[in-house]
Amino acid sequence: MKFHVLIREFCVGKPIRSKWRNQSGRKYCTNQFWFVLLFSIVLFFLLLCLRHLFFIGRMEGFVYVSSSDSSKYQSIYFTRNSIDTKTSLDDSKKKISSSDGHENTSRKLEKNKDSCSGRYIYIHDLPKRFNEDVLKNCQLLTRATDKSSMCTYIENSGLGPQIESSDALDLWKNSWFSTNQFLLEVIFHNRMKTYKCLTNDSSIASAIFVPYYAGLDLRRYLWGFNTSMRDSSGLDLVKWLAGKPEWKSMWGKDHFLISGRIARDFRRQSNRKSDWGSKFRFLPESENMSMLTIESGSWKNDFAVPYPTYFHPSTDNEVFQWQELMRRQNRPYLFSFAGAPRSRQKGSIRSEIISQCQASKKLCNLLDCDSVGHKCDDPVNLMKLFQSSIFCLQPSGDSLTRRSTFDSILAGCIPVFFHPGSAYSQYVWHLPKNYAKYSVFISPKNLRLGKVSINQTLLGVSKDEELAMREEVIRLIPRIIYANPRSRLESIEDAFDLAIKGILKRIETFRKVIIS
């Protein structure tokens, strides 16, 4: 029987009189109806809740809850004892969010903490006589034979005067300077001042930089002075260093310095006035230190770094633009040479090189630096020479290495060497071990004997080999340039960065040996 029929029959009959007040049977029936309806609704919801609790009580398994990161979900295992109300889920979400927050914070702290781990460098605050005063008295650096004062090259943090040329490309206007190779000490020091992992706490430093302008200081006394004058600054420096607490931790083996001169200039064999250079690198304290230099020797504590070029970019884009320009460069000459014969130098093959270049007519572009009115010191003229050539000849000069090597690489010109000490055994941190990838080697002995010629050798290089070598040379450009000290490259490691990497690795090797 339907519910509404039961209600109707229940309400039919004799009216009931209330003890307290008179009510009609209809009103009484109406009250009974609402009471039954309300009771039924309450009973229904009560049964529903009991069923829900019974279901949850039997459920256990994994529920995925979104964490604070919308792309990340965390899995939580629920059992009958772990879920009672919505609060449990809320608490779980809060715990996950809190956990993620702590995890992210820890990662950030760990990243910040480790970003300079093993790379901290402490710079000694040397007395000014070892660096700043050398520059203040820059007139003493200029020789009588110099075409321009050394004082002009100190400009722009040691980069020299900015190059201004009416026919220069836009790229020359902001990033190209008349840089003197001996000012590398100043350039490197200014780069160190902006190194991102500097520390004032020497106890946490992985290396200690000594900003001594060794080459510039020596230049003042190389001509016309006795050996005592040439050695005095070096002796004073090592005495000062040995008195510092930083020295005693590794007795100087974690110290390093930079020189714009070749290593041989600091290794005078005797005290005869006629002997060249100083004995700075033969001092016991100095032998413990590592020296970065434009040309190393057979000594294990000297490491070669590239000569400074004329290009000192401020942004990554300037480097990329220059590389692309060198890829598209028209090169009408097979090879070129810029230099003087050096006829007085024993064993020099420069005269033979110049003779073969002159005999090659249109294949070789020669810039004779021994001729009157030459433009070998003009950066724009020199770079144009190298940019017009496929190969650039790099014979030894006063020493085994040449700045011209790096100017030619910068121009996208494939270097041709005549001695392995001109590059292969030198710049191990900056140039590939497989030298055939970026250069050509010609035996000087065979060249003198007429067994080989420069023309035949270079014409024998296939077009595919030439293109591969040029691309490798252009790829090397960032590794052999020094960026402007007043800026910082973002994604490119330049010659400074690679030198710092190399020296830190060397010092760490020493540290492990000492600890073990």
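The values are calculated or read from the model by the stated rules, or taken from the named source; none is laboratory data. It should be emphasised that the depicted structure is a prediction, and the values quoted were computed from it without experimental measurement. So basically every Cβ, Gly included, is an ideal-geometry build from the backbone, and we count neighbours across all protein chains shown. Accessible surface areas use protein heavy atoms only, side chains included; no ligands, DNA or RNA. Shrake-Rupley method; radii C 1.70, N 1.55, O 1.52, S 1.80 Å.
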> Of the residues that sit in the range 464-516 and are touching a residue at least 12 places away in the same chain (Cβ under 8 Å) and polar (S, T, N, Q), which one is nearest to Asp407 (Cα to Cα)?
Replying inline: Asn484
> Looking at the range 292-324, which of its residues are open to solvent by less than 40 Å² (accessible area, probe 1.4 Å) and in a helix (DSSP H, G or I)?
Replying inline: Asp316, Glu318, Val319, Trp322, Gln323
> Does Gly160 meet the test of being of a type outside the set (A, V, I, L, M, F, W, C), open to solvent by less than 60 Å² (accessible area, probe 1.4 Å) and not in a helix (DSSP H, G or I)?
Replying inline: yes
>> Suppose the filter is open to solvent by less than 20 Å² (accessible area, probe 1.4 Å) and among the basic types (Lys, Arg); does Arg219 pass it?
In response: yes
> Looking at Ser351, Ser355, which is the one that is without any contact (Cβ under 8 Å) to a residue 60 or more places away in the chain, open to solvent by less than 60 Å² (accessible area, probe 1.4 Å), in a helix (DSSP H, G or I) and of a type in the set (S, T, N, Q)?
Replying inline: Ser351
>> When you scan the range 458-477, do you find a residue that is more than 18 Å from the chain's Cα centre (by Cα) and of a type in the set (Ser, Thr, Tyr), even just one?
In response: yes
> Consider Ile349 against the criteria (1) in contact with a Lys or Arg (Cβ under 7 Å, 6 or more places away or on another chain); (2) on the phi > 0 side of the Ramachandran plot; (3) not polar (S, T, N, Q): it satisfies all of them except one. Which criterion is unmet?
Replying inline: (2)
>> Being in contact (Cβ under 8 Å) with a residue 24 or more places away in the chain and within 25 Å of the chain's Cα centre (by Cα) is true for just one of Arg264, Arg191. Which residue is that?
In response: Arg191
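Of all residues being touching a strand residue (DSSP E or B) at 6+ places or on another chain (Cβ under 7 Å) and closer than 16 Å to Thr457 by Cα in the range 358-375, which is least open to solvent (accessible area, probe 1.4 Å)? Just the residue, please.
The initial filter retains those residues of the range 358-375 that are touching a strand residue (DSSP E or B) at 6+ places or on another chain (Cβ under 7 Å), namely 358, 363-367, 369, 374.
Next, from what is left, pick out any that are closer than 16 Å to Thr457 by Cα: 363-364.
Values: Leu363: 61, Cys364: 12 Å².
Here the answer is Cys364.
Can you tell me which residues in the range 483-504 are within 14 Å of the chain's Cα centre (by Cα), over 15 Å from Asn317 (Cα atoms) and in a loop (DSSP other than H, G, I, E, B)? Show your work before the answer.
Step one: filter the range 483-504 for residues within 14 Å of the chain's Cα centre (by Cα), giving 483-485, 487-504.
Among the residues that remain, those that are also over 15 Å from Asn317 (Cα atoms) are: 485, 495-504.
Passing the criteria: only Pro485.
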> If you scan the range 407-456, which residues turn out to be part of a strand (DSSP E or B) and either surrounded by fewer than 21 Cβ atoms within 10 Å (Cβ to Cβ) or polar (S, T, N, Q) (or both)?
Replying inline: Phe441
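Anything in the range 325-337 that is in contact with a strand residue (DSSP E or B) (Cβ under 8 Å, 6 or more places away or on another chain) and open to solvent by less than 10 Å² (accessible area, probe 1.4 Å)? List them, or say none.
Phe335, Ser336, Phe337
Would you mind finding the one in Ser259, Ser278, Ser232 that is surrounded by fewer than 18 Cβ atoms within 10 Å (Cβ to Cβ), hydroxyl-bearing (Ser, Thr, Tyr) and either closer than 25 Å to Ile154 by Cα or out of contact with any His (no Cβ under 8 Å at 6 or more places or on another chain) (or both)?
Working: Ser259 fails: surrounded by fewer than 18 Cβ atoms within 10 Å (Cβ to Cβ); Ser278 fails: surrounded by fewer than 18 Cβ atoms within 10 Å (Cβ to Cβ).
Only one candidate passes the filter, namely Ser232.
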> Pick from the range 485-504 the residues that are open to solvent by less than 10 Å² (accessible area, probe 1.4 Å) and touching a Ser or Thr at 6+ places or on another chain (Cβ under 7 Å): which of them is farthest from Glu295 (Cα to Cα)?
Replying inline: Pro485
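Using the structure shown, decide if Gly277 is on the phi > 0 side of the Ramachandran plot, more than 28 Å from the chain's Cα centre (by Cα), part of a loop (DSSP other than H, G, I, E, B) and not hydrophobic (A, V, I, L, M, F, W, C).
Values: on the phi > 0 side of the Ramachandran plot: yes; more than 28 Å from the chain's Cα centre (by Cα): yes; part of a loop (DSSP other than H, G, I, E, B): yes; not hydrophobic (A, V, I, L, M, F, W, C): yes.
So Gly277 fits the description; yes.
Looking at the range 172-203, which of its residues are in a loop (DSSP other than H, G, I, E, B) and either over 19 Å from Leu216 (Cα atoms) or open to solvent by less than 20 Å² (accessible area, probe 1.4 Å) (or both)? If you could, list the steps in order and put the result at the bottom.
The initial filter retains those residues of the range 172-203 that are in a loop (DSSP other than H, G, I, E, B), namely 178-180, 194-197, 199-201.
The answer is Thr179, Thr194, Tyr195, Lys196, Cys197, Thr199, Asn200, Asp201.
Here is a list: Ser443, Ser439. Which entry is over 25 Å from the mean Cα position of the chain (by Cα) and of a type in the set (S, T, N, Q)? Full working, then the answer.
Numbers: Ser439 fails: over 25 Å from the mean Cα position of the chain (by Cα).
Result of the check over Ser443, Ser439: Ser443.
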